[in-house]
Amino acid sequence: IMLIFPDKTEMTEIKEYSYLIEQADVLDLIEIGDQVRIGEDNFTIIELGEIVQKNLVELSHITLKFYDGKVIL
């Protein structure tokens, strides 16, 4: 499991166990079958939570669950 939050988050208690990213504009909808690239590795999205798009756009926060080379958001 990987937790992602914006690097400027006010929630200091999550910083020690989350990946902090630079907040950026979301350009498109996340869809099943899309790829998540981390370093040199690609993971296919196989499932999406109901509010993943909203959380990414409004909070720059998502949770990724990895399973057998695939990812659930």
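Structure above, values below:
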| read-out | value |
| --- | --- |
| Residue in the range 25-41 that is among the small types (Gly, Ala, Ser), at pLDDT 90 or above and open to solvent by less than 40 Å² (accessible area, probe 1.4 Å) present | no |
| Candidate set: the range 50-62, residues that are open to solvent by less than 40 Å² (accessible area, probe 1.4 Å) and in contact (Cβ under 8 Å) with a residue 40 or more places away in the chain; chosen: the one nearest to Met2 (Cα to Cα) | Ile62 |
| Residue in the range 1-24 that is surrounded by the most Cβ atoms within 10 Å (Cβ to Cβ), counting only those that are of a type in the set (D, E, K, R) and within 14 Å of the chain's Cα centre (by Cα) | Asp7 |
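The values are calculated or read from the model by the stated rules, or taken from the named source; none is laboratory data. The structure displayed is predicted, hence computed values, not measured ones. So basically every Cβ, Gly included, is an ideal-geometry build from the backbone, and we count neighbours across all protein chains shown. Heavy atoms of the whole protein, side chains included, go into the accessibility calculation; ligands, DNA and RNA do not. Shrake-Rupley method; radii C 1.70, N 1.55, O 1.52, S 1.80 Å.
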